[in-house]
Amino acid sequence: LASAAQAEWFIDDAAIMGTNIEVQVWADSARQGQQAIDTVFAEMERVNQLMSPYIDSSELSRVNRLAANEDVVVSEEMFNLIRYANKISQQTGGAFDITFASVGFLYNYRAAQRPDEQTINANLDAINYRHLELDEHNSSIRFRHPNVKIDLGGIAKGHAVDKAVDQLITMGIEHAMVTAGGDTRLLGDRLGRPWMVGIRDPRNPDRQAVMLPLSDIAISTSGDYERYFEEEGQRYHHIISPKTGKSTYEVQSVSILGPSSTTNDALSTSVFVLGVQAGIDLINQIPEVEAIILDDHRRMHFSSGLTQ
Ligand code: ADP
Ligand code: MG
Ligand code: MG
């Protein structure tokens, strides 16, 4: 009883993985609350050190430096995530492909720089997840093409959220929200009420296009407003079609709901590339996963599980 009387919400945020991390936990004591928040931030930072393309000592950077010339042994966590990314590539007909970076790394959104047509075309055949050779026995990876680069930006934040929530569950936490940029996972409800999660209006950062009452689920949103620059009225944003090496324009945002933040993250990027029809068709085939798409005319589209 004494400890129940001290239970309260603990809320904090931090800038990690190039994005805003938000945590809300219901904890029995200030000590447990602080420990839970510290654990989430530490887990995000750990995944960042492993998977960031901006950190020279990350496993990802090491793979990109060496794997065209030798088998590179990686951690089990890295190996499994790359293998899962390849599975999503197969499932999405190549719309999701971590080798998009072979061209994707030539864009610099902050500096408003993009590769010219010739450079894109010269590097386009390096984009193909089938160039990645994964040796399960040695936990190693090898690029079967000299110009391949990989980037986990479309899946790593979802993975980090799942890892952080796993830790909270281990600690005995039953009500929590963990958000990394567009990737959110909810543990339990907000004490007898659902969490209210907004999907942002893609053209107005202060407005929500929809508010969703949600419990015990994860939601990821991919938008063309997260990282982009404009040139002569054209928006160059961070979601790249592996077929063209360029941004796609059929939709403005995609939200995916389902139990796994890792899966939602990968599928939100995938459906963004696939567009409305192919995207909804894909999601309708996957059990436990739903989609909300805002198209380039600001129309909303729902997967079948949300319209019944
Ligand atoms: P956010 O970065 O806001 O979470 P997404 O989950 O949609 O948004 O991820 C976008 C990121 O995914 C890009 O910044 C890039 O790192 C990566 N990416 C872009 N295009 C692809 C693609 N076709 N397949 C896999 N990853 C991609
Ligand atoms: Mg994603
Ligand atoms: Mg994401």
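Suppose we filter GLY192, GLY158, GLY181 for residues that are under 30 Å from TRP9 (Cα atoms), of a type in the set (Gly, Ala, Ser), open to solvent by 20 Å² or more (accessible area, probe 1.4 Å) and within 14 Å of ligand 1 (Cβ to nearest atom); which single one remains?
Values: GLY192 fails: within 14 Å of ligand 1 (Cβ to nearest atom); GLY158 fails: open to solvent by 20 Å² or more (accessible area, probe 1.4 Å).
Result: GLY181 is the single residue among GLY192, GLY158, GLY181 that is under 30 Å from TRP9 (Cα atoms), of a type in the set (Gly, Ala, Ser), open to solvent by 20 Å² or more (accessible area, probe 1.4 Å) and within 14 Å of ligand 1 (Cβ to nearest atom).
Need at least 3 residues that are free of Cβ contacts under 8 Å to residues at least 60 places away in the same chain, out of contact with any helix residue (DSSP H, G or I) (no Cβ under 6 Å at 6 or more places or on another chain) and open to solvent by 20 Å² or more (accessible area, probe 1.4 Å) per element, so show me which helices (runs of 4 or more DSSP H) inside region 6-121 make the cut, counting only ones lying wholly within it. So the answer is 30-51, 59-66, 76-91.
Of the helices (runs of 4 or more DSSP H) entirely within region 215-308, those holding at least 2 residues that are open to solvent by 50 Å² or more (accessible area, probe 1.4 Å) occupy 276-285, 304-307. Is one or more of the residues making up region 253-273 in the same structural domain as VAL161 (by TED's automatic domain parsing), away from ligand 2 (no atom under 14 Å from the Cβ) and touching a Gly at 6+ places or on another chain (Cβ under 7 Å)? So far as region 253-273 goes, no, none of its residues is in the same structural domain as VAL161 (by TED's automatic domain parsing), away from ligand 2 (no atom under 14 Å from the Cβ) and touching a Gly at 6+ places or on another chain (Cβ under 7 Å). Provide a single number: the residues in region 247-281 that are in contact with a helix residue (DSSP H, G or I) (Cβ under 7 Å, 6 or more places away or on another chain), under 19 Å from GLY153 (Cα atoms) and not aliphatic (A, V, I, L, M). Residues meeting the conditions: 8. Among the numbered criteria (1) under 24 Å from ARG114 (Cα atoms); (2) modelled with pLDDT of 95 or more, which one does LEU214 miss? Among (1) under 24 Å from ARG114 (Cα atoms); (2) modelled with pLDDT of 95 or more, LEU214 violates only (1).
Scanning region 101-118 for residues that are closer than 13 Å to ASN64 by Cα and of a type in the set (Phe, Trp, Tyr) yields a single hit, PHE105.
Can you pull out every residue in region 124-155 that is in a helix (DSSP H, G or I) and surrounded by fewer than 19 Cβ atoms within 10 Å (Cβ to Cβ)?
Pass one, region 124-155, residues in a helix (DSSP H, G or I): 124-126, 129-131.
LEU124, ASP125, ARG130, listed by residue number.
Which of the residues belonging to region 195-214 are part of a strand (DSSP E or B), surrounded by fewer than 17 Cβ atoms within 10 Å (Cβ to Cβ) and over 18 Å from the mean Cα position of the chain (by Cα)? Lay out the reasoning, then the answer.
Taking region 195-214 first, the residues part of a strand (DSSP E or B) are 195-201, 204-214.
So of that shortlist, the ones also surrounded by fewer than 17 Cβ atoms within 10 Å (Cβ to Cβ) come out as 196, 198, 204-208, 210-211, 213.
Those that are part of a strand (DSSP E or B), surrounded by fewer than 17 Cβ atoms within 10 Å (Cβ to Cβ) and over 18 Å from the mean Cα position of the chain (by Cα): MET196, ASN204, PRO205, ASP206, ARG207, GLN208, VAL210, MET211, PRO213.
The values are calculated or read from the model by the stated rules, or taken from the named source; none is laboratory data. These numbers come from a predicted model, not from an experiment. Note: ideal-geometry Cβ built from the backbone for every residue, glycine included; neighbour counts use all protein chains shown. Only protein heavy atoms, including side chains, enter the accessible area calculation; ligands, DNA and RNA are left aside. Shrake-Rupley method; radii C 1.70, N 1.55, O 1.52, S 1.80 Å.
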